[in-house]
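Undergrad: Attaching a single structure in structure tokens format; questions to follow.
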Amino acid sequence: MLDTTTQPPSVGLSMVPHYAGWIGRTARSGLYRHTIGLLVESRRVRLAVLAGVPLVWIAMLHIGPILQMANISLLANYPPQPDKSSEYTLANYALFFSDRLYFLPFVRSLIFAAVVTISTLVIVYPVAYYVAKVVQPKNRMRALLLLLIPFWAGELIRTFSVIMLLANRGALNVLLREFGFIDRPIPMLYTFFSLSFGVIYLLALYMLLPLYSAIEKIPTPLIHAAADLGAGPLQRFRRVILPLSKDGIVSGCSLVYLTAVGVFAAPLLLGGPNAVIFPEVIATLFHGSNDKWPEGAAFSMIMLVVSLTTVGLFMRVVGGRSVRLM
Amino acid sequence: MRNYFNDLPKSALGASYWIFAVYLVLPLALMTAMSFKDANFIAFPIGNWTLSWYSKVVQDKQFLEASLYSIGIALATTVSATIIGVWIALLVSAENIWGKAVIFALACLPAVVPGLINAISMRIFIRAVDIPTGTFAIILAHTVHAVPFVVIMVLTRLRSMPANLVDAARDLGADPFIAFLRVTIPYLMPALFGGMIFCVLTSIDDFVRTFFLGGYQPTLPMLIFAKVQGGMSPEINAMATIVLVVTTAIGLYAEHFTRRSRS
Amino acid sequence: MQPVVHFKNVNKSYGALTAVDDLDLSIAPGQFVTLLGPSGCGKSTTLRMLGGFDSPTSGEIYLEGKPISHLPPNKRNVNIVFQDYALFPHLTVGRNIAFGLELKGMESAAIHRRVTELLSLVSLEDHAERMPAQLSGGQRQRVALMRALAPDPNVLLLDEPLSALDAKLRQQMQIELKSIQKKTGKTFIFVTHDQEEALTMSDVIVVMNKGRIEQMGGPDELYARPRSRFVANFIGQSNFLESTVVSVSGGIAAVQWRGNVVNADVNGTAPIPGHHVTLALRPEAVFCLSRKPEDRPSLKARINQRVFKGAHTSLTVTLDNGSTLLAQIDPVALSHVEGDDVWVGWRDSDAVLLAQ
Amino acid sequence: MNNFDATRRSAMKLLAAGAGVLAAPSILRPAFAQSKVVNITTYDKFVPQSFIDQFQKDTGIEVRIRLTDDQGKQYNLLTAEGAAPSTDIVTVTGHRLSQFMKSNLLATLDTGRLKNWDKLAAAYKGAPQLTVGGKTFGVPLLAGFEGLVRNTEYAKASDSWSIMFDDENKNLTSYIVSDFLSIVMRYQGNDGDYVTYGDKPDVAQAATNQARDFLIQHKDKVRKYYDAGSELQQMFVNEDIYLAQAWSGPAAKLVMDGHPIEISVPKEGTFGFLYSFNIVNNAPNADAAYTFLDAILSSPEIGAAMTRQSGFSSAFEGVDKVLDDKERAALSLPPEQVERIQFFSSVNRDMKNEMIDKAAAEIKAA
């Protein structure tokens, strides 16, 4: 029925693109049609296949270990010991609220995480904006890559490299002394400054990527339109760019906050004597010389619930729709 | 085209970018410089320079084995996390599924549980279900950690996917599975690619989970931690530098590759 | 002849909402059929059910005599051109068109021949290696059409495929679509809310409203003989004259309209004297003369508004009985302006009675 | 949108490579319990590779080393593994030993099965730390103490711990909180090892609190609380601190490397401890473990290698003769200082750990 009087293809045979890929062959093979082909035809089977693996995975490996943790947090003693009872108790949770020894680092951790989150946002926002909107599209990947590469070095190495920079005989102090700005090294390491410096250094990526993807999605003509209507740079930022990048801000802040609450190695290596924060308390309970797993588990549960609730509230108040990373 | 916004603040934005880039790169540059120091401990000034640490590292069988082992684990983690993550994302994005928000929240859970807690609870768990420690357990733990990130990325991409694409494939004779392979997967590729890079990086960087679930073969971070215990020597810097150079080379190659195919 | 598509008492409801209400529709092969109606009238749902993306709540759909209501889309020999084309962004134009053929298991060389042939049908032979993103709107539309035609479906479904194009391109595509349909001889089922598109291309128009068929027929028939007020209003413009039947004879009814007795075609209805009826009268059927004609009945009116529309001029006139009529006239034939008196009237057969 | 193909190809390559790794069954299930294997959890380079190679050749037993960097992690791992450990020999430091023993993680050592047991230096054979109720746990390898470490270029010499609290050293000291608490208790004339507090918890708590309050009062002298020896080394090298309480090993390594560092035992005294190899309870390859431990004891060279790696003195007889002068100098203490070292006991550990941990947390949080 088709009109076949049209000219034959003018391209040579060698230029004939290869059609009929493996998918077509697979789909028509008897084996496929009798196995997967039949399976996916039934709605019910399809739903079971779709839901089965994820639900089992989540139940087993996402919830299972946490439930184990919750279970241990309610035990009087764990690991089980012959001479001690292993009854269920709420004492481990009560301990947290009764002793400011634990409560204080917890509050400190939350405040620290909030400060780090806000600082990271302020530092990274112009950078993300620059890459997403100012850099030419063809160079964007490259500009982004330059910022991503340092994150591939590994947490430990990056932490140590901060030490190399800020120590009394670190690069900065050596340089300042060399140029005669100072006689004695400025103690920068093991202070709140070095701690924030390091943690932001570790976590900036989690802010950069969501911000970048959110800002990149803002149509550039919209910004121009705002300028056309007489909005100055600040107004454009406040009334157009900021609201439109809200999604990215919410996801970036949530990710950085949650990671910062749980950050463990950096405070240990970079913080001064007053930088004791909650994850260290928990780690001490697990690693310390007394068997305090139940307390550690209870504190972990508290930390988990509180940090998740905080982020949940934050999302509700600011109104981000979903967490996104890229 | 006039670019109103860029006139004045452009230079300020550019400066912020470059300052930030220096902030990220400078400490690592110092780290690299230190790998050439001819001494047993690292500190400024560098004094005598040497390449001996590199020759030592390159000949170090343990380092090579640990690197290969880490890469193997990272790749296996990437594959399994991608499969599971896409699967969960598809479930969450499917219509008529009850409790999607709950499933999504639970799928993201491991991302927000601190690593140490995650590691210990996983260790107790795999003992309860009788999985031996070792490669499989490490991959399992790394996968659990990476899945939420894959889910989030894939879900974001799925939400921007025109609903008609799959319908069109079905209409042209593809069953749901073929349509998924032929249309959904290619559409998800940018998200999958990002997710994969993330999986590889978190897996290669992970120490605490690996320690709790690992066997007798050290991964790269375990080896480095163990070496740090004996003192921070330039040898560790040399290792870190090699890792960094290799990953950078791969990253640049990937970028070059995508750029070339785009033009 | 056996209908190629037959909807038999098909219902579709989403919860309390009824999208398609007891649809009964037969479509003969080789026709260009348009489902026309406002948004939410059930035309798209009808199309989706035929395509296999929805299944009827009750009733049965037959394709060439075989029930297909519960077959998945990939098992039906129908293909859709989607409103947004749904071209696969990761495949070249050629591979997009080859998609359905690959799944049919056709070998590579045959696919290549077919793809080239289809592309040449729309003069896009040299675009086979382009990505969809590199094409213009009209080109994408053609590729989507060819992709859907490639597997040689019995019936081609088109879901408002022209709505994304600009006016000029849309007109051009209308002609092209019709010619492709003629060339291929396939049954096209076209969904649109645009009456002009429907009138231009269709062999048969099915006007739908609230999930039901209002009227079905050829474009001229639908235009000239709308059965209901909905159809008369949706296709073209109409004057509606609320009147009472006086008498009926020989297919022409005399009705009382605001003190005047006028004649109208019964249009298949069975008017009963004394009952209330509505007359539909196309503006272009209304004549306006400067003097009272001798040979036909006419009414005196005054011009309210005169609007120049290019090919014709549109007049709004007020009759002595207080009602307003819309008329289309040849601007050369009548030079009267607002406020002037004219005589208006129409041929008996141009006014049609609507079903109540 | 056009880079789909490229990304897909590279991603496919990744997928394929990953699948290949998954498919290799040999690395999926390492067998911990094989007849000819011994599994050891220890530090990097602690057991010399040349020795391992020789041992494997001689006995046909494969040596598998799991690297660790921390006692606590090692303990948690064993605890989590419960009755089915994946390791045969663990490396335990003295101050942690009691915890391992209390949790039933270690097996008693049948010294009769070790032909070379006599090659240990007399002082360490059946050291009280390794002995509970007449039973021996573990082969002592190294001995260390908690010394006062100073940078000889910047910090004055001192014969007393009091220099750690001198205003001159504000923001220039560092210590491991829990370890230093014991020392400060001793400095204040109390029993920092809690041996005598068995039935006097009130006295113990008072002594602990006294030390705690003193440390809180002098918190301004502290630059940082540290955990790992490598941190201490780096702080000294970077000149972030001039003075510290530290385990002798990491400090001695700095001395061996030629840094201006000195270790001493102040007159108030300090504590000493042992590193030991211990066989794990329910060890899957106990026999191979005994063979391995016997071989370890056979030569002073192995002891010397351990000393060089860690900076601690060897518990083996005759190691001194193998070390060079510089190494010997770094390890040697004047006899009167050696006498000030009191080795950690194994009694009353629960009370000690409980009180010290609590006080340490309070100091940090203050």
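Undergrad: Past 29 Å, Cα to Cα: identify those pairs from D:Lys135/D:Lys224; D:Lys200/D:Lys267; A:Lys292/D:Lys224; D:Lys119/D:Lys358; D:Lys57/D:Lys321, in the order given.
TA: D:Lys135/D:Lys224; D:Lys119/D:Lys358
Undergrad: In nanometres, what is the gap between the two model label sites at C:Ser13 and C:Lys75, each 7 Å from Cα along Cα-to-Cβ?
TA: 2.7 nm
Undergrad: Let me ask something else. Which whole-Hz couplings ³J(HN,Hα) result when phi for each residue of segment D:90-101 is put into the Karplus expression 6.51 cos²θ - 1.76 cosθ + 1.60, θ = phi - 60°, listed in order with x for Gly and Pro?
TA: Once rounded to whole Hz, the list reads 10, 9, 10, 8, x, 5, 9, 4, 4, 4, 4, 5.
Undergrad: How fast does the protein assembly as shown diffuse by Stokes-Einstein, in µm²/s, taking the Kirkwood radius from C-alpha pairs at 25 °C and 0.890 mPa s?
TA: 67 µm²/s
Undergrad: On to the next question. Determine, from the Cβ-Cβ distance of A:Phe97 and A:Leu242 and an R0 of 51 Å, the FRET efficiency 1/(1 + (r/R0)^6), rounded to the nearest 0.05.
TA: 0.85
Undergrad: Quick one: helix D:300-310 against the long Cα principal axis of chain D, what's the angle to the nearest 10°, folded into 0 to 90?
TA: Once rounded, one gets 70 degrees.
Undergrad: If I model a spin label at D:Asp110 and A:Ala76 as a point 7 Å from the Cα along the Cα→Cβ vector, what separation in nanometres do I get?
TA: Those two pseudo-labels are separated by 3.8 nm.
Undergrad: May I ask for the Kirkwood hydrodynamic radius of segment C:132-184, worked out over all distinct Cα pairs and given in angstroms to one decimal?
TA: 11.7 Å
Undergrad: Mind checking C:106-113 for the average number of partner chain beta-carbons within 10 Å of each residue's beta-carbon?
TA: Shielding by partners across C:106-113 averages 5.
Undergrad: Taking one equal scatterer on every alpha-carbon of chain A, how large is log10 of I(q)/I(0) by Debye at q = 0.06, 0.14 1/Å?
TA: Evaluating at q = 0.06, 0.14 Å⁻¹ gives log10 I(q)/I(0) of -0.38, -1.20.
Undergrad: Sum -39500 (n - 2.57) across every DSSP H segment of at least 4 residues in chain A, then divide by the residue count to get the 222 nm mean residue ellipticity, nearest 500.
TA: -20500 deg cm²/dmol
Undergrad: Can I ask one more? Based on alpha-carbon atoms only, what is the radius of gyration of chain C relative to the globular estimate 2.2 N^0.38 Å? Display every interim value, and only then the final one.
TA: Values: Rg = 24.5 Å, N = 356, 2.2 N^0.38 = 20.5 Å.
Ratio of Rg to 2.2 N^0.38 Å for chain C: 1.20.
Undergrad: Please work out the FRET efficiency for the pair D:Tyr154 and A:Phe192, using the Cβ-Cβ distance as r and a Förster radius of 30 Å; give the result to the nearest 0.05. Spell out each step's value before the answer.
TA: Values: r = 25 Å, r/R0 = 0.83.
With R0 = 30 Å, the Cβ-Cβ based efficiency is 0.75.
Undergrad: What angle do you read, to the nearest 10 degrees and between 0 and 90, between the alpha-carbon axis of helix A:43-57 and the longest principal axis of chain A?
TA: Helix A:43-57 sits roughly 30 degrees off the main axis of chain A.
Undergrad: Then there is this: I'd like the FRET efficiency for B:Ser11 and A:Asp183, computed as 1/(1 + (r/R0)^6) with the beta carbon distance as r and R0 of 30 Å, rounded to 0.05.
TA: Once rounded, the FRET efficiency stands at 0.25.
Undergrad: Here is a follow-up. For segment A:126-167, what does the accessible surface come to per residue with a 1.4 Å probe? Please give it in Å².
TA: The answer is 28 Å² per residue.
Undergrad: Against the globular-protein guess of 2.2 N^0.38 Å, express the Cα radius of gyration of segment B:54-262 as a ratio, rounded to two decimals.
TA: For segment B:54-262, the normalised Cα radius of gyration comes out at 1.18.
Undergrad: Let me ask something additional. Ranked highest first by the average count of other Cβ atoms within 10 Å around their residues, in what order do B:101-114, D:335-348 fall?
TA: Going by the mean number of other Cβ atoms within 10 Å, highest first, we get B:101-114, D:335-348.
Undergrad: What pairs from B:Lys56/D:Lys253; C:Lys75/C:Lys178; C:Lys43/C:Lys210; D:Lys221/D:Lys253; C:Lys12/C:Lys210; B:Lys37/B:Lys61 go past 18 Å between their alpha carbons?
TA: Among B:Lys56/D:Lys253; C:Lys75/C:Lys178; C:Lys43/C:Lys210; D:Lys221/D:Lys253; C:Lys12/C:Lys210; B:Lys37/B:Lys61, the Cα-Cα distance tops 18 Å for B:Lys56/D:Lys253; C:Lys75/C:Lys178; D:Lys221/D:Lys253; B:Lys37/B:Lys61.
Undergrad: Roughly how many debye, to the nearest 20, is the charge dipole of the protein assembly as shown about its Cα centre, given +1 on each Lys and Arg Cβ, -1 on each Asp and Glu Cβ, and no other charges?
TA: Computed about the Cα centre, the dipole is about 2340 debye.
Undergrad: Helix by helix, which DSSP H runs in chain B go 24 Å or more along their axis at the Cα atoms and have an average Kyte-Doolittle hydropathy of -0.5 or more? Working shown, then result.
TA: Numbers: long enough: B:9-34 (37 Å, 1.32); B:61-93 (47 Å, 1.42); B:135-159 (35 Å, 1.59); B:185-205 (29 Å, 1.55); B:234-262 (41 Å, 0.40).
Span-like helices in chain B: B:9-34, B:61-93, B:135-159, B:185-205, B:234-262.
Undergrad: Kindly work out what percent of the DSSP beta bridges joining two residues of segment C:5-228 are antiparallel, to the nearest 5.
TA: For segment C:5-228, the DSSP antiparallel bridge percentage is about 50.
Undergrad: In addition: Compute the angle between helix D:49-59 and the longest alpha-carbon principal axis of chain D, please, reported from 0 to 90 degrees and rounded to the nearest 10.
TA: It works out to around 50 degrees.
Undergrad: I've got another one for you. Roughly how crowded by other chains is peptide A:199-209, in terms of the mean Cβ count from those chains within 10 Å of each of its Cβ atoms?
TA: Mean shielding by partner chains, rounded to a whole number: 1.
Undergrad: Given charges of +1 on the Cβ of Lys and Arg and -1 on the Cβ of Asp and Glu, with all other atoms neutral, how large is the dipole of chain C about its Cα centre, in debye to the nearest 20?
TA: 400 debye
Undergrad: Identify, among C:Thr324, C:Pro67, C:Leu121, the residue whose Cα sits farthest towards the positive end of the charge dipole of chain C, taking +1 on the Cβ of Lys and Arg and -1 on the Cβ of Asp and Glu, with the dipole about the Cα centre.
TA: It is C:Pro67, whose Cα lies furthest towards the positive end.
Undergrad: Now for a separate question. Rounding to the nearest 20 debye, state how big the charge dipole of segment A:91-318 is about its Cα centre with +1 on each Lys and Arg Cβ and -1 on each Asp and Glu Cβ.
TA: Charge dipole of segment A:91-318: 720 debye, to the nearest 20.
Undergrad: Which of C:Gln172, C:Leu101, B:Ala43 sits closest to the plus end of the dipole of the protein assembly as shown, meaning its Cα is farthest towards the positive end, when Lys and Arg get +1 and Asp and Glu get -1 on the C-beta?
TA: C:Gln172
Undergrad: Which residue, chosen from C:Gln356, C:His336, C:Gln83, occupies the Cα position most advanced towards the positive end of the dipole of chain C, where the dipole is computed from +1 (Lys, Arg) and -1 (Asp, Glu) charges on Cβ about the Cα centre?
TA: Looking along the dipole axis, the top candidate is C:Gln83.
Undergrad: Shielding by partners for B:128-134, please: the mean number of other protein chain Cβ atoms within 10 Å of each residue's Cβ. Walk me through the intermediate numbers first.
TA: On the way: counts 4, 3, 1, 1, 8, 10, 7.
Neighbouring Cβ atoms belonging to other protein chains average 5 per residue here.
Undergrad: How do C:140-149, D:76-85, C:252-261 rank on mean C-beta neighbours within 10 Å, highest first? Don't skip to the answer; put the middle values down first.
TA: Working: C:140-149: 25.1, D:76-85: 19.2, C:252-261: 17.3.
Final packing ranking: C:140-149, D:76-85, C:252-261.
Undergrad: Mind giving me the nanometre distance, one decimal, between the label points for A:Trp22 and B:Tyr253, set 7 Å out from Cα along Cα→Cβ?
TA: Output for this residue pair reads 2.1 nm.
The values are calculated or read from the model by the stated rules, or taken from the named source; none is laboratory data. All values derive from a computational prediction rather than experimental measurement. Don't worry about glycine lacking a Cβ; one is built from the backbone with ideal geometry, like all the others, and counts go over all protein chains shown. SASA here: full protein model, heavy atoms, side chains in, ligands and nucleic acids out. Shrake-Rupley method; radii C 1.70, N 1.55, O 1.52, S 1.80 Å.
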